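Trainee: Handing you a structure now.
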Amino acid sequence: MNQSAAPVAEGPSKGMGQISLLSNDDRLKGRPRLCSDCGLCDSALKPQMTQACMFVNNQTDAIEQRLFGRSRGDGDELLFGCYRATYAARMRAPRPGAQWSGMVTTLGARLLERGEVEAVITTAAAPGTRFKAQPILARTPEEVLATAGNKPSLSPNLGLLDLVREQGIKRLAFIGTGCQVHALRAIEAELGLEALYVIGIPCSDNVSYPDLEYFLEQISRSPATVVHHEFMQDFSLWLRHEDGTVERVNYIDFPMDKLHGIFPSACLSCFDYPNALSDLTIGYMGAELGWQWVMARTERGEQMFEMLRPDLEFGTLTEGGDRTRGMPRFMERLNHPPGTGRPPLLIRKLVVWLQRNRGPRGLEFARAVIEMKLLRNLNHVRSKFERQESRVVPGFVYRALAPYAEHYRELFDRDLAPRD
Ligand SMILES: Cc1cc2nc3c(=O)[nH]c(=O)nc-3n(C[C@H](O)[C@H](O)[C@H](O)COP(=O)(O)OP(=O)(O)OC[C@H]3O[C@@H](n4cnc5c(N)ncnc54)[C@H](O)[C@@H]3O)c2cc1C
Ligand code: SF4
Ligand code: SF4
């Protein structure tokens, strides 16, 4: 939260129906209507945007062929992306200030300590704020470690590629979200690097910083004292305050009428929740509460994981529940405009009980969340950017959602498969 007592926002900076991102921000003038501010267009590589941007020309299928030598397999890879190995793990000694246990920043620092890379692109907090993302080019392990913790707002990390070139860096590590990694992979060959190490964090429904402030104002009893927050696998948001107390808000209790319009259209048109083009994805949502979820995707990703292994303890990846039971109801809700208020308290209590006791858990939770976001975002593209569908929606999305094709046709009166 901004420490400089910024005025409290009266509403989201734009509506879901509005298609530009922070259109009143001069820096973003001239951007395409879909833009997650990944930073590429701040750099000298801006002319590559039409090829690299996943909202102009989504190349996930082609990049996967190049990176992995194959397309995604059926089953879990359709949702999680290609991977060689997956783990539930965490730092034996968690890092203070980390989002989870600090695996990401520890690894970034280690790559520098070992001389594997000369610099790491990572995301710090802008001065005077806790959560405003400010990418930095870290040259020392200490600088990387100081960027621990999420700044859950859009971050123009690729804008630092000019600095990488200016400083003559040939071996680089990049920590970032799926949209950033897509653009980075698309231009990788032109960067003249000897080595690129990509550590991906899963990401969904990111927001601009003003909208993050607005969100916390709506959700928390004390937004100014929130030091850490995370959307947990127990269907609630945990907000930790300066005094160490943890406030928990069930997802079903969110004031959705006030939050409508908070997410940028780009994030609602994004199909890479698990950061499938990274070398190593480090998140949490496929693991049990308290553990991190890791997917080593490439040989380089496996090498990085081995560098971290001595510091880790391992859990078990489990799964429970059946996501396919909830998906039809989710699709039916999507088919109706957002409600104007919350359901009655008793209903909400019942839903929370059902979610915690009967809902998907572990890997099934990750599958459920990814499937829902794929479907919601497909419908967002179809309703707002229909002419762009063939360029914005990668082919695997239709394969992944194929089990729901019949229900989709009944509900939305059109085929799930794209029109020719
Ligand atoms: C907006 C956002 C949404 C996320 N959603 C999910 C999710 O739904 N499911 C899931 O499993 N994981 C999600 N994550 C990732 C997860 O919250 C943790 O960041 C991840 O598991 C690493 O934890 P750690 O303790 O190892 O990281 P730490 O060691 O604490 O390091 C955190 C790293 O995150 C980077 N970072 C922080 N903010 C940003 C940002 N705005 N953009 C790019 N990089 C940033 C920092 O550079 C730092 O290197 C999300 C992260 C972000 C930023
Ligand atoms: S998402 Fe990135 S590449 Fe695409 S328009 Fe925005 S800044 Fe440019
Ligand atoms: S949700 Fe997608 S588009 Fe938005 S910041 Fe995250 S990876 Fe980028």
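The values are calculated or read from the model by the stated rules, or taken from the named source; none is laboratory data. These numbers were taken from a predicted model, which means no experiment stands behind them. We place every Cβ from the backbone using ideal geometry, glycine too, and count neighbours over all the protein chains shown. To get the accessible areas, we keep the full protein, side chains included, count just its heavy atoms, and leave off ligands, DNA and RNA. Shrake-Rupley method; radii C 1.70, N 1.55, O 1.52, S 1.80 Å.
Trainee: Looking at the P(r) of the chain, how many percent of alpha-carbon pairs lie beyond 38 Å?
Mentor: Values: 13496 of 87990 pairs.
Percentage above 38 Å: 15.
Trainee: Can you tell me which of Leu154, Leu34, Leu354 moves the most in a GNM of the chain? Springs connect C-alpha atoms under 10 Å apart.
Mentor: Per the Cα network of the chain with a 10 Å cutoff, Leu354 tops the list.
Trainee: Compute the accessible area per residue over the chain, keeping the other protein chains in place, probe 1.4 Å, unit Å². Before the final figure, lay out the partial values.
Mentor: On the way: 18430 Å² over 420 residues.
Here the per-residue accessible area is 44 Å².
Trainee: Work out the length of the dipole vector of the chain about its Cα centre, built from +1 on the beta-carbon of each Lys and Arg and -1 on the beta-carbon of each Asp and Glu, and round it to the nearest 20 debye. Present the calculation step by step, with values, prior to reporting the outcome.
Mentor: Numbers: 51 positive and 51 negative charges, 119 e Å.
Roughly 580 debye, rounded to the nearest 20.
Trainee: Looking only at Pro328, Pro264, Pro202, which one moves most when the chain is put into a Gaussian network model with springs between Cα atoms under 10 Å?
Mentor: Looking only at Pro328, Pro264, Pro202, the largest GNM fluctuation is found for Pro328.
Trainee: Please identify every one of the GluC sites (Glu not before Pro) in region 174-254 that sits in a loop by DSSP and has no more than 14 other beta carbons within 10 Å of its own beta carbon.
Mentor: On the way: sites: Glu188, Glu190, Glu194, Glu213, Glu217, Glu230, Glu242, Glu247; in loops: Glu194, Glu242.
Within region 174-254, the qualifying GluC sites (Glu not before Pro) (loop, at most 14 other Cβ atoms within 10 Å) are Glu194, Glu242.
Trainee: Take Met307, project a point 7 Å from its Cα along the Cβ direction, then tell me which residues of region 174-199 have their backbone nitrogen under 13 Å from it.
Mentor: Residues 174-175, 195-199 qualify, since their backbone N sits under 13 Å from the label point.
Trainee: Once both labels are modelled 7 Å past Cα along the beta-carbon direction, what's the His407-Asn357 spacing in nm?
Mentor: 2.3
Trainee: Let me ask you something else. Tally up the carbon and sulfur contribution to the accessible surface of the chain as a whole percent, 1.4 Å probe, everything protein left in place. Walk me through the intermediate numbers first.
Mentor: Values: 9420 of 18430 Å².
Looking at the chain in its full context, I get 51 percent from C and S.
Trainee: Here's something else I'd like to know. Hey, rough spin-label estimate for Ser383 and Ile347, points 7 angstrom out along Cα→Cβ, what's it come to in nanometres?
Mentor: Going by the 7 Å Cα→Cβ label model, 1.9 nm.
Trainee: Where does the chain land at 222 nm, in deg cm²/dmol rounded to the nearest 500, when only DSSP H runs of n ≥ 4 count, each adding -39500 (n - 2.57), divided by all residues? List each step's numbers first, then the result.
Mentor: Values: 16 runs with 141 residues, N = 420.
Counting only the DSSP helices, I get -9500 deg cm²/dmol.
Trainee: Using the basic label-point model (7 angstrom from Cα toward the beta carbon), what is the Asp420 to His228 distance in nanometres?
Mentor: Each label point is offset 7 Å from its Cα along the Cβ direction, giving 5.6 nm.
Trainee: Roll a 1.4 Å probe over the protein heavy atoms and report the accessible area of Leu158 in Å², nearest 10.
Mentor: 0
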